[in-house]
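**Q** If you scroll down you'll find the structure; I have some questions about it.
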Amino acid sequence: MRVYASVLRIPDYRKLWIGAVISLLGDGATWTALAWIAVSTRGAGTLGVLGVCYSGPVLLGGLLAGKVVDRFSRRKLLVFDSVVRGAAMLAVPLLYVAHVLNPWHLYVVAAIFGLFKIIPIGIIPAVLPELVPKKQLPTAIALEAVAYGAAGMVGPALGGLLIPLIGGYWVLALDCASYLVFAGFVLSLKARLDRPGAGAETTGDQSAVSAERSSWRPVVAFVVRDRVMLVITITFTIFNVAMGMLIVAQPWLAHERLPGGATMLGVLVGGLAGAEMIGSLIAGAIKPAVRPMLRIGLLQVISGSGLLLLLGANPVLVLVGQLVCGLPAMLMTVSSQSVRYQRTPEVLRGRTMTLMRTLMHSAYPLGAIVAGPLLAGDHYTVVVLTMVVAAGAPGLLTLGLVRNAVVNKREPETPAGPAPQVAAEPVGQTPVLAAKSAQDG
C-alpha cells in the first residue's frame with residue numbers, strides 16, 4: 001500500500017484521482033437509478049433500449065473525441081464534458097417535478113451520457129505521464145483502475161440505498177453535483193493539461209500539425225499493423241458484448257428473479273465492481289508477466305467460465321459468478337493496458353487510447369440489443385450461455401494467436417505498405433510499462 005500512498009502524495013494526481021472517484025460514484029448511482037426508473041415504470045422491455053442509449057453513442061462520441069483529444073486543451077475538454085453531462089442528469093428531476101417526464105427523456109439523457117463519456121475515458125490515462133514521474137506511472141494507472149472499481153462498487157450500492165429514500169430522480173441530481181465537483185478539481189490543477197506538444201510547433205506548420213493531430217489515419221494504421229494491439233482490440237471488444245448483456249441482465253434479475261428489488265440491483269452492480277476493484281489491487285501489486293498475452297488469454301477464459309454460475313439465478317451463485325468473472329477481467333485489463341502503454345508512441349497515445357476504448361465500449365450496446373429481447377421473452381438461460389461464449393472465446397483467440405508475445409518486443413509488421421509516420425518522442429517520455437483504467441477491457 002505504500003506505493004499507492006506515495007503516488008497520492010503528488011498534489012495534482014491526488015486532485016484528479018479524488019475528483020474522478022466522486023464523479024464515478026455519481027455515475028454508478030445514476031445507472032442504478034435510470035435502470036430502476038425504466039424497469040419499474042415501463043417494464044423489462046425498456047431495459048434493452050436504455051442499455052443501447054446508455055452505451056451505444058460511445059462509438060460516435062469516440063469518433064468525435066478523437067478529433068479533439070490531441071488537438072485542444074485536455075483541461076477544457078474535461079470541464080466541458082462534466083458541465084454537459086451534469087446538466088443532462090439534472091434535467092430528469094426537473095422534468096419530473098414539472099410532471100412532464102416521459103420515457104424518451106430517459107433515453108435522451110442516457111444517450112448524452114454515452115456520447116460524452118469517452119472524453120474522460122480517453123483523456124485521463126493520456127495525461128497521467130504529465131502528472132507523475134515515469135517510475136511511478138504504473139502505480140498511478142493501477143490506481144485509476146482502483147478508482148473505477150471502488151466507485152463502481154460503492155456507487156451502484158449507494159444508488160440502490162438512496163432510491164427508496166429519495167427516489168431515483170433525485171439520485172440523478174446528486175450525480176449532477178458530482179460532475180461539478182470533478183470539474184472544480186480539474187480547474188484547480190497546476191498542470192495545464194495542454195494538447196501534446198503545445199507551443200512546440202512553428203507558426204508556418206501549425207495548420208498541418210493540427211490536421212495531423214486530428215487525423216485517425218496514423219492511429220488506425222498503427223493498431224492494424226501491430227498484431228498484439230489488433231488482437232487486444234478485437235478480443236476485448238468481443239468480451240464486452242458479454243458485459244453489455246450483463247448490464248441488462250442485472251436489473252432484470254433484481255426485478256424478476258431475485259429478492260430485494262432496487263437494493264439487490266445495487267448489490268449486483270456493486271458486487272461486480274467490487275470484484276474488479278480487488279482485481280485492480282492485485283494487478284498493481286504483482287510482477288508484470290514476461291508474456292502478458294498468455295496471462296491475458298487464460299484470464300479471459302476463466303472470466304467467461306465464471307458466468308456459468310449465473311445459471312439458475314440463485315442469489316449466492318450469481319454473486320460468486322460475478323466475482324469469478326470480474327476479478328480476472330480486471331487483471332487481464334490491467335495487463336492489456338501495460339502492453340498498450342509500452343507499444344504506443346506518445347504522439348499517438350491520446351487518439352490510440354480513445355480509438356481502442358471506443359471500439360471496446362461500442363460492444364456494450366450490442367450486448368444490450370441481444371439481451372433485452374431475450375430477457376423480455378424470459379429466455380434467461382440463453383442469455384447466460386451467450387455471455388459465457390462471448391466472454392470466454394476471446395481468450396482462446398488470444399492464446400492461439402499471440403500467447404508468446406514478449407512485453408518488450410513488437411510483433412513483426414505486415415509487409416503491406418509503409419509504416420505510419422509519427423513524430424519522434426521527446427527524450428525521457430517513451431512509452432512505459434503501465435497498468436490500466438477500469439472497464440476498457
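**Q** Scan the stretch 85-99 and tell me whether some residue there is surrounded by fewer than 18 Cβ atoms within 10 Å (Cβ to Cβ) and modelled with pLDDT under 85.
**A** Among the residues of the stretch 85-99, not one is surrounded by fewer than 18 Cβ atoms within 10 Å (Cβ to Cβ) and modelled with pLDDT under 85, which makes the answer no.
**Q** Test of understanding: among L355, L331, L299, which residue is under 24 Å from G51 (Cβ atoms) and either in a helix (DSSP H, G or I) or among the hydroxyl-bearing types (S, T, Y) (or both)?
**A** L355
**Q** What's the number of the condition A391 fails, among (1) under 19 Å from the mean Cα position of the chain (by Cα); (2) open to solvent by 30 Å² or more (accessible area, probe 1.4 Å); (3) modelled with pLDDT of 90 or more?
**A** (2)
**Q** Being open to solvent by 40 Å² or more (accessible area, probe 1.4 Å), touching a Gly at 6+ places or on another chain (Cβ under 8 Å), assigned to a helix (DSSP H, G or I) and over 30 Å from A5 (Cα atoms) is true for just one of L308, L294. Which residue is that?
**A** Values: L294 fails: touching a Gly at 6+ places or on another chain (Cβ under 8 Å).
L308 is the lone residue from the list that is open to solvent by 40 Å² or more (accessible area, probe 1.4 Å), touching a Gly at 6+ places or on another chain (Cβ under 8 Å), assigned to a helix (DSSP H, G or I) and over 30 Å from A5 (Cα atoms).
**Q** Out of all the residues in the stretch 14-54, which are within 12 Å of Y107 (Cβ to Cβ) and of a type outside the set (A, V, I, L, M, F, W, C)? Talk me through it step by step, then tell me what you get.
**A** From the stretch 14-54, those within 12 Å of Y107 (Cβ to Cβ) are 34, 37-38, 42, 46-54; that's our starting set.
Correct list: R42, T46, G48, G51, Y54.
**Q** A191 fails exactly one of the following numbered conditions: (1) open to solvent by 10 Å² or more (accessible area, probe 1.4 Å); (2) aliphatic (A, V, I, L, M); (3) over 22 Å from V68 (Cα atoms). What is the number of that condition?
**A** (3)
**Q** Now, a different point. In the stretch 55-73, which residues are farther than 23 Å from V108 by Cα and open to solvent by 40 Å² or more (accessible area, probe 1.4 Å)?
**A** Within the stretch 55-73, K67, R71, F72 qualify.
Quick grid of which residues meet (1) more than 20 Å from V402 (Cα to Cα); (2) assigned to a helix (DSSP H, G or I); (3) out of contact with any Leu (no Cβ under 9 Å at 6 or more places or on another chain):
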| site | (1), (2), (3) |
| --- | --- |
| V224 | no, yes, no |
| I232 | no, yes, yes |
| I238 | no, yes, no |
| V241 | yes, yes, no |
| V248 | yes, yes, no |
| L258 | yes, no, no |
| V269 | yes, yes, yes |
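**Q** Answer with yes or no whether V3 is surrounded by fewer than 23 Cβ atoms within 10 Å (Cβ to Cβ), part of a helix (DSSP H, G or I) and touching a residue at least 40 places away in the same chain (Cβ under 8 Å).
**A** When the stated conditions are applied, V3 passes them.
**Q** Suppose we filter L253, L265 for residues that are buried (at least 23 other Cβ atoms within 10 Å of the Cβ), of a type outside the set (F, W, Y) and part of a helix (DSSP H, G or I); which single one remains?
**A** L265
**Q** Mind telling me which of the residues T354, T333 ends up being more than 27 Å from V267 (Cα to Cα) and touching a helix residue (DSSP H, G or I) at 6+ places or on another chain (Cβ under 8 Å)?
**A** Unique residue meeting the criteria: T354.
**Q** Which numbered condition trips up K76, out of (1) surrounded by fewer than 21 Cβ atoms within 10 Å (Cβ to Cβ); (2) part of a helix (DSSP H, G or I); (3) touching a residue at least 12 places away in the same chain (Cβ under 8 Å); (4) not β-branched (V, I, T)?
**A** Of (1) surrounded by fewer than 21 Cβ atoms within 10 Å (Cβ to Cβ); (2) part of a helix (DSSP H, G or I); (3) touching a residue at least 12 places away in the same chain (Cβ under 8 Å); (4) not β-branched (V, I, T), only one is false for K76: (3).
**Q** Go through (1) hydrophobic (A, V, I, L, M, F, W, C); (2) in contact with a Phe, Trp or Tyr (Cβ under 7 Å, 6 or more places away or on another chain); (3) part of a loop (DSSP other than H, G, I, E, B) and name the single condition A289 misses.
**A** Condition not satisfied by A289: (2).
**Q** Then there is this: Could you tell me whether G167 is small (G, A, S), out of contact with any Phe, Trp or Tyr (no Cβ under 6 Å at 6 or more places or on another chain) and open to solvent by less than 10 Å² (accessible area, probe 1.4 Å)?
**A** no
**Q** So which of V52, V68 is assigned to a helix (DSSP H, G or I), among the β-branched types (V, I, T) and on the phi < 0 side of the Ramachandran plot?
**A** Checking each option against the conditions leaves just V52.
**Q** Taking only pairs six or more apart or across chains, which ones have beta-carbon atoms under 8 Å, a first residue in the stretch 221-245 that is farther than 30 Å from G48 by Cβ, and a second residue that is among the aromatic types (F, W, Y) and surrounded by fewer than 24 Cβ atoms within 10 Å (Cβ to Cβ)?
**A** Once the first residue is farther than 30 Å from G48 by Cβ and sits in the stretch 221-245, its partners that are among the aromatic types (F, W, Y) and surrounded by fewer than 24 Cβ atoms within 10 Å (Cβ to Cβ) give M229/F222.
The values are calculated or read from the model by the stated rules, or taken from the named source; none is laboratory data. Quantities reported herein were computed from a predicted structural model and do not represent experimental measurements. Counting neighbours? That spans all protein chains shown, and the Cβs are built from the backbone with ideal geometry, glycine included. Ligands, DNA and RNA are stripped out before the accessible areas are found, and what is left, the full protein with its side chains, is counted by its heavy atoms. Shrake-Rupley method; radii C 1.70, N 1.55, O 1.52, S 1.80 Å.
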